[in-house]
1. In segment 36-46, what residues are open to solvent by less than 70 Å² (accessible area, probe 1.4 Å) and within 13 Å of K16 (Cβ to Cβ)?
2. As an exercise: evaluate I11 against (1) free of Cβ contacts under 8 Å to residues at least 24 places away in the same chain; (2) touching a helix residue (DSSP H, G or I) at 6+ places or on another chain (Cβ under 7 Å) and give the number of the one condition it does not meet.
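The values are calculated or read from the model by the stated rules, or taken from the named source; none is laboratory data. It should be emphasised that the depicted structure is a prediction, and the values quoted were computed from it without experimental measurement. FYI the Cβ positions are ideal-geometry reconstructions off the backbone, even for glycines, and counts take in every protein chain you see. Just so you know, the surface numbers come from the protein's heavy atoms only, side chains and all, with ligands and any DNA or RNA stripped out. Shrake-Rupley method; radii C 1.70, N 1.55, O 1.52, S 1.80 Å.
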Amino acid sequence: MVKTGDMFKEIESGKKFIVKSVDPRIIILGTKDGSHSMFVNPKNIESLFVPFVEEEVKGESK
């Protein structure tokens, strides 16, 4: 279940978003710096976004 504070990465752009708000019909995502925001239909989230785990990136850079 998606909850406020979860992080996701958009597959096409690679941009990371934080879940700002969760509603049964819409999820509001925003960047850490607040420069971008996005509304997502929860029924299609798997096709556009993947969960982002900070530790995975650190492991890849070693």
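1. Listed by number, the list holds a single entry, M38.
2. (1)
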